[in-house]
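**Q** Please find one structure pasted underneath; my questions will follow.
The values are calculated or read from the model by the stated rules, or taken from the named source; none is laboratory data. Note that the structure is predicted; figures quoted are calculated from it, not measured. Every residue, glycine among them, receives a Cβ derived from its backbone with ideal geometry; neighbour counts consider all protein chains shown. Ligands, DNA and RNA are excluded from the accessible area calculation, which covers all protein heavy atoms including side chains. Shrake-Rupley method; radii C 1.70, N 1.55, O 1.52, S 1.80 Å.
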Amino acid sequence: MPSALHTVNVALGARSYPIHIGRDLLDRADLVLPHLRTKKVAIVTNDVVGPLYLDRFAAALRRAGVEVAVVVLPDGEAHKDWPTLNLIFDTLLREHCERSTTLVALGGGVVGDMGGFAAASYQRGIPFIQAPTTLLAQVDSSVGGKTAINHPLGKNMIGAFYQPRLVLADTATLATLPARELSAGLAEVVKYGIIRDREFFAWLEQNIDALRALEPNALALAIERSCRNKAEVVAADETEQGVRALLNLGHTFGHAIETGLGYGQWLHGEAVAAGAAMAAELSRRFGWLTAEDAARINRLLERAGLPTFGPALGVPRYLELMAHDKKVEAGKLRFVLPKGIGDAVVTSEVAVAEVEAAIAARCAGGNNP
Ligand code: NAD
Ligand code: GLY
């Protein structure tokens, strides 16, 4: 009997799309076909995910009469760059892919972000589908249309908003995900609880061990609830003019960690977790978050297997790196700060001395990865 299929809709008018969540969805060409313009796709994957899932996914599509071209990229955040992006364009051109060809990203957030940017720019835009295979990609990066590559001076600095036509999240693929990567995905799950879903945060406190053990019902619930949270925010503010900035909790500090250490040293989710701990500390100093709630946040992140202290880059280096954040407006840093569990605000009214103190307080503790 096929396992349950959960669907969340991202409501964007004529560009609305479904997120299908369930086990073994990579075999379900019937879920993909309605979203193709013609029966030709280019699957973009990498040299870790490809050997695990490409043949099966491509075979299902071919059985349904779809022509399949393939691009296999080198794995890793360090390859989220121009030369690797160009490998996608090389194949699309070599394989005579047209404006009607659908680009399908099969992999984690790196493949999804790069595949999406390639789809946004090849021939000024071709149809795009996300088939995320990491927890982080299933709960966050595959949804909402942010696509990008990194620049040596700043994370995700070159990119476009470009929505997929479908997100196909096969939760069975998470069985092969390394535990460290699973924890990284949990950082973004916990994020939804902190910024807008108090009840979900409390549920996570009860179920974090089940999630780390890949208990299927807990996993499906957490992915669906995360996607619902993200879909609501994206539908309200697709291009981050307001409320969508809340999804960047921990990212101002986190991107500084990723760029400062060199892309790929810390996982994105790890950097976001340490960044969320810094944001909680800043908010506590501001008098918004109680010490008890800050401790609850840190405790849940730690139980998820995540760091709650950043690396010792030095406070001035953090500030220098944070100056490249995309939330900087008129030269002023803006921070997402929790005001309680399930409530957060974006503010630029923070004294630099307080930011420095928060970084210093949450740097180089005992639980770095
Ligand atoms: P990732 O894409 O590097 O994947 C993590 C690792 O797991 C890689 O080595 C990958 O090859 C491997 N992998 C993927 N699926 C697997 C599977 N099923 N089994 C075994 N191994 C598997 O990292 P990620 O955490 O998925 O994504 C991080 C990226 O996403 C960052 O670049 C970040 O900036 C981006 N991101 C984007 C958004 C957005 O809204 N677009 C949101 C959050 C993060
Ligand atoms: N990951 C942040 C966003 O999608 O807006």
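**Q** Could you list the square roots of 5 times each eigenvalue of the Cα gyration tensor of the stretch 243-315, that is, the equivalent ellipsoid semi-axes, sorted largest first and rounded to whole Å?
**A** 20, 14, 12
**Q** I've got another one for you. Keeping the other protein chains in place, figure out the carbon and sulfur percent of the accessible area of the stretch 84-142, with a 1.4 Å probe.
**A** Of the solvent-accessible surface of the stretch 84-142, carbon and sulfur hold 48 percent.
**Q** While we're looking at this one, here's another question. Quick one: with all protein chains in place, what share of the accessible area of the stretch 294-369 is carbon or sulfur, to the nearest percent (1.4 Å probe)?
**A** 52 percent
**Q** Follow-up. Using Cα pairs under 8 angstrom and six or more residues apart, how large is the relative contact order of the stretch 1-135, in percent?
**A** 23 percent
**Q** Over the chain, with the other protein chains present, what is the accessible area per residue in square angstrom, probe 1.4 angstrom?
**A** Solvent-accessible surface per residue comes out at 39 Å².
**Q** Tabulate in residue order the Karplus-calculated ³J(HN,Hα) for the stretch 7-21, using 6.51 cos²θ - 1.76 cosθ + 1.60 with θ = phi - 60°, rounded to whole Hz; enter x for Gly and Pro.
**A** 10, 10, 9, 9, 8, 10, x, 5, 9, 5, 8, x, 10, 8, 10
**Q** Quick one: putting +1 on the C-beta of Lys and Arg, -1 on the C-beta of Asp and Glu, what dipole do you get for the stretch 186-310 around its Cα centre, in Debye to the nearest 20?
**A** Computed charge dipole of the stretch 186-310: roughly 180 debye.
**Q** A follow-up question, please. At 10 °C and a viscosity of 1.306 mPa s, what translational diffusion coefficient does Stokes-Einstein give for the stretch 260-369, taking Rh as the Kirkwood radius over Cα pairs? Give it in µm²/s as a whole number.
**A** 112 µm²/s
**Q** Along the Cα→Cβ direction, 7 angstrom out, place labels at V352 and T176. What is the inter-label distance in nm?
**A** Placing both labels 7 Å along Cα→Cβ, they lie 4.9 nm apart.
**Q** Quick one: Debye curve from the alpha-carbon atoms of the stretch 110-265 only, equal weights, vacuum; give me log10 I(q)/I(0) at q = 0.15, 0.19 Å⁻¹ to two decimals.
**A** For the stretch 110-265, the Cα-only Debye profile gives -0.83, -1.34.
**Q** How much FRET efficiency would the formula 1/(1 + (r/R0)^6) give for A59 and R198, where r is the Cβ-Cβ distance and R0 is 45 Å, rounded to 0.05?
**A** For A59 and R198, the calculated efficiency is 0.55.
**Q** Kirkwood hydrodynamic radius for the stretch 126-198: how many Å is it when counted over pairs of different Cα atoms?
**A** Computed over the stretch 126-198, the radius equals 13.6 Å.
**Q** Suppose each label sits 7 Å from its Cα in the direction of the beta carbon; what would the R299-A4 distance come out to in nanometres?
**A** 2.9 nm
**Q** Please compute the contact order of the stretch 197-294 in relative form: average sequence separation of alpha-carbon pairs under 8 Å and at least six residues apart, divided by the residue count, as a percent.
**A** 17 percent
**Q** On to the next question. Which one of L319, F253, Q163 has its Cα pushed farthest toward the positive end of the charge dipole of the chain, where Lys and Arg give +1 and Asp and Glu give -1 at the Cβ?
**A** After comparing all options, I get Q163.
**Q** Another question, if that's okay. Can you tell me the length gained on complete extension of the stretch D30 to R15, counting 0.36 nm per residue apart and subtracting the Cα distance?
**A** 3.4 nm
**Q** Remind me, relative contact order of the chain in percent, using alpha carbon pairs under 8 angstrom and six or more residues apart?
**A** Relative contact order, the chain: 15 percent.
**Q** In µm²/s, what is D for the chain at 10 °C and 1.306 mPa s, where D = kT/(6 pi eta Rh) by Stokes-Einstein and Rh is the Kirkwood radius from Cα pairs?
**A** Here the translational diffusion coefficient equals 77 µm²/s.
**Q** For A360 and R317, calculate 0.36 nm times their separation in residues minus their Cα-Cα distance, and state this gained length in nm to one decimal.
**A** Full extension of this stretch gives 14.3 nm more.
**Q** With all protein chains present, how much of the accessible area of the stretch 152-231 (probe radius 1.4 Å) comes from carbon and sulfur, to the nearest whole percent?
**A** The value for the stretch 152-231 is 52 percent carbon and sulfur by accessible area.
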